[in-house]
Structures are given as C-alpha cells and as structure tokens.
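For reference, the structure is listed below as structure tokens.
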Amino acid sequence: MQFRKYQGLGNDFILIDARRTESPPVHPDQARLLCDRRFGVGADGLILALPPEGMGDVRMQIINADGTEAEMCGNGVRCFARFLADLDGASASGSWRVETPAGIIVPQLVADQQVSVDMGEPFLSPSAIPTNIDAGGSLAQAWLEVAGEQLLVAAVGMGNPHAVVQVDDLDLIAFTELGSALETHPAFPARTNVHFVQVISQNQLRMKVWERGAGATLACGTGACAVLVASHLRGACAREADIELPGGILHICWDEENHLQMVGPAEFVFSGNWFLEEDAKLLTTKPIDCSIDCSQGCLDPDNCPSATARANAMALLDKFSLNQLVDLANESIEQRTIKRIKGG
C-alpha cells in the first residue's frame, strides 16, 4: 500500500489514494499502527481520498491516531489539497469540492506552498456543536470544573466540537492535565478538541492545542477558526487575526458572509510503502520477482534474494584475485565442453 506523508504547521498526516476502490483500504486498528510514532510511520492522523458520494469532486475520510474518525480537520484538508495536486498535477490555483462529514469544504492552492480554505460557517447552537453548555447569548459558554480548576469554557462547532479557554499566560497552565480532562468532560457528549488562547492584540492570538483522539499537537486548523470566533464574540479580538500555534501561524478571517477563511502551509514530507499483515503472509508464499515487484523499493529487505546474491558475489571477489577468477571461468568452460563432447 503506497502512502505519502504531509504536514501543516507540524500537524502531520499519512495520506492514501483510495479513489478507485470500493471500500476504504485501512481499518481503525491498521490506522493506529500506521500513526504510531515508534512502531509505524508516525502521524497525528490518517486521511483517505475516496470516491465522491454526492456533488463533490472527492471525499475525505480522517482517522485519528487512536483509530476514531474525525468529522473535519483544517490542517488535514490543506494537506489533502496538496496531496491531490501532487498526484494529479493540478494547476497552481487548483481547487476541489471536498466531501466531509462536516459538509463540502473547498481548499484552493495559493502561492508559496500555502493553501486557502473556505471552512464554512461556525456552529454556535449547543445541539449542533454538540455540547450541554447552554447558549446564554451569541456564544455558548459556562464555568466548568476541570481537573480541580474552574475554567470559563466556550463551545464552538466547526463540523467538529471545540472548547476554548482564554488564559493570561499559556506558559503557566497545566496544559496536559487540563487538556485531557476537558476532552472527555461530560459537557461534551462526543468529546471535544481543547484550545487555550492568550490574546496578544486585536489581530494576534496565541494558542495551544489538545486534539480529540490525538492529544497535544502542533496545530489545528478548525481549532484556530473556533478560537477566533470565541475570542471575537467575547470582545477580545477583531474578525481577522494571525493565530500563532506551536507549529507556526495561520491567518483566519471571519468574513461578512459568516464564513471562516483560513490560509496556511501544507508541505510534502516523504512517501513510502506499507505492508499490512496480509501482505506479509503473501511474501512468505509467493516468490518475489525483484525486477518487477521491487521497482519502487525492496519488498522484503530482511530476506532479500538479490541482497543475498550480491553478498555472495562480493565474498567471492574478496576471496580470489582477478587472475584467479579468470582461471576459474576458463576451467569451468573447459570442463563443460569436455562433458558435452563425451556425452555426444
């Protein structure tokens, strides 16, 4: 199975082209193994390009590192666009209508490895987010007890749920403890992504990300959108700002048509082949034709017949001089000739 790896601000993904298959080629257990940073390729999630089911050009399925499925991912959809462009040779301003569980998302290539994405409208009603926090006005927010602390938590949906907590100093919070506790808080029945935000100015915010199903990550595109919405509705920032994440900066604009526009990078990291358990079984029963099967890389490097043959040849070269090898070759030819004559 061929894959390509991409990253957006350090939020990294394994991408697989399955547009010509009838069903997804990877199940959750395999996705967990692929995303494992010690025993697999390593990633925050796995993304499949699948045939469209509606009016889109392509369908995107996102599987988190823990094997659960995500509705949307802003960094992921930018990487998805770059992936499609690299595979299909799209123009420098190519765009796609991408089907997701959060609706149609339209990423577009722009200059300098950047991708612009219309992220659609934010969800602000509690049932759509979903959250048990009541909307006391334009924003659903409440004081919640989280890991023994009282936090003012705002809830925003971007096709997936987000909890936003404004703090005075990001460097002073118990990030891991609070993030993991808030992810599974009863106020969010489908769990939630968690973001802590520090306001620098009306047009600059800093944030840390605890992603649902992935834990601490370097960036979250939908999260940056949710942070801008919550911070603006709280009166803390303008409708357009640079969001500084651990992995870099995303530019977010909440336009007059109520859509969130996101601009950020997406870059290719490397490509490779992954052999599932079924492939490993096949390798033990089917001989490998190195000239054909291994055209894109050795299928079985630990038991490679070509490598063994090369090692034997090198051992022979080390054992004999060139003159001795020529004598051996001539002797072999002479013996075969004599045997042929006697046999005739």
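The values are calculated or read from the model by the stated rules, or taken from the named source; none is laboratory data. Note that the coordinates shown come from a computational prediction; the quantities given were computed from them, not determined experimentally. Here the Cβ positions follow ideal geometry from the backbone for every residue, glycine too, while neighbour counts run over all protein chains shown.
Per-structure values
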item: Within segment 104-220, strands (runs of 3 or more DSSP E) holding 1 or more residues that are within 30 Å of residue 269 (Cβ to Cβ), free of Cβ contacts under 8 Å to residues at least 40 places away in the same chain and touching a His at 6+ places or on another chain (Cβ under 9 Å); result: 161-166, 193-201, 204-211
item: Segment 18-57, residues that are in contact with a helix residue (DSSP H, G or I) (Cβ under 8 Å, 6 or more places away or on another chain) and under 23 Å from residue 222 (Cα atoms); result: 42, 43, 44, 45, 46, 47, 49
item: Check on residue 81, within 19 Å of the chain's Cα centre (by Cα) and either outside the structural domain of residue 191 (by TED's automatic domain parsing) or in a loop (DSSP other than H, G, I, E, B) (or both); result: yes
item: Complete set of residues in segment 196-230 that are within 16 Å of residue 255 (Cα to Cα) and crowded, with 24+ Cβ neighbours inside 10 Å; result: 222, 224, 225, 226, 227, 228, 229, 230
item: Of all residues making up segment 33-56, the number that are more than 15 Å from residue 100 (Cα to Cα), crowded, with 19+ Cβ neighbours inside 10 Å and without any contact (Cβ under 8 Å) to a residue 40 or more places away in the chain; result: 2
